[in-house]
Amino acid sequence: MRKHIRRTTAIVAFSSGSDLLGGLLFTAKVPTHHVHWLVVAEQSRGKGVGRALMTAAMRRFVPGSGSVEVVTFGADHPGACVSGARAFYERLGFTPAEAVDPGPEGGSRQVFRLAVA
């Protein structure tokens, strides 16, 4: 993570007490930007940490028009509901797009895409 922070391709969120709340890895390549990894500590979920990380990434890494893509669980994957990832990205305005290769455990994956004007 430190390597990515130095490259300015990562953002981390800390509490005022210096607890790590979450982190995000992002690739900013016009016209299609990619969220490679987004994680929020279990005790911090549902408190706006993920949204704040995405908002910071969009401000910092997306200079103009294009799209932002993330690969997450497919609708039929058991982790889709447990993680809340699909619902999270939909609340941010991402739309489900094409299926992609399965994850390392063999479960389905899908691209979610957000158009940026």
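What residue, of Arg59, Arg51, Arg45, is modelled with pLDDT of 95 or more and basic (Lys, Arg)?
Numbers: Arg59 fails: modelled with pLDDT of 95 or more; Arg45 fails: modelled with pLDDT of 95 or more.
From the options Arg59, Arg51, Arg45, the qualifying one is Arg51.
Look at the stretch 95-108 and say how many of its residues are surrounded by 11 or more Cβ atoms within 10 Å (Cβ to Cβ) and either more than 22 Å from Ala41 (Cα to Cα) or touching a residue at least 40 places away in the same chain (Cβ under 8 Å) (or both).
8
So that you can scan it fast, the table gives a plain yes or no per residue for (1) out of contact with any His (no Cβ under 8 Å at 6 or more places or on another chain); (2) not charged (D, E, K, R):
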position	(1), (2)
Arg45	yes, no
Arg51	yes, no
Met54	yes, yes
Val68	no, yes
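Please verify whether Ser108 is at pLDDT below 90, outside the structural domain of Val12 (by TED's automatic domain parsing) and not aliphatic (A, V, I, L, M), treating the condition exactly as stated.
Working: at pLDDT below 90: no; outside the structural domain of Val12 (by TED's automatic domain parsing): yes; not aliphatic (A, V, I, L, M): yes.
No.
Within 23 Å of Arg109 (Cα to Cα), in the same structural domain as Arg113 (by TED's automatic domain parsing) and either of a type in the set (Val, Ile, Thr) or touching a residue at least 40 places away in the same chain (Cβ under 8 Å) (or both): does that describe Val82? Outline the logic, then answer.
Details: within 23 Å of Arg109 (Cα to Cα): yes; in the same structural domain as Arg113 (by TED's automatic domain parsing): yes; either of a type in the set (Val, Ile, Thr) or touching a residue at least 40 places away in the same chain (Cβ under 8 Å) (or both): yes.
Judged against the criteria, Val82 is a match.
Suppose we filter the stretch 24-53 for residues that are of a type outside the set (Val, Ile, Thr) and either touching a strand residue (DSSP E or B) at 6+ places or on another chain (Cβ under 7 Å) or in the same structural domain as Ser83 (by TED's automatic domain parsing) (or both); how many remain?
Final tally of qualifying residues: 14.
Give the number of residues within the stretch 22-34 that are over 18 Å from Ala87 (Cβ atoms) and either of a type in the set (S, T, N, Q) or buried (at least 20 other Cβ atoms within 10 Å of the Cβ) (or both).
So the count comes out to 5.
Within the stretch 35-46, identify whether any single residue is touching a Ser or Thr at 6+ places or on another chain (Cβ under 7 Å) and buried (at least 17 other Cβ atoms within 10 Å of the Cβ), and answer yes or no.
no
Name, by its number, the condition in (1) over 18 Å from Ala117 (Cβ atoms); (2) in the same structural domain as Gln110 (by TED's automatic domain parsing) that does not hold for Leu92.
Here Leu92 clears every test but (1).
The values are calculated or read from the model by the stated rules, or taken from the named source; none is laboratory data. Model, not experiment: these values are computed from the prediction. When we count neighbours, we look across all protein chains shown, and the Cβ atoms used for this are built from the backbone with ideal geometry, even at glycine.
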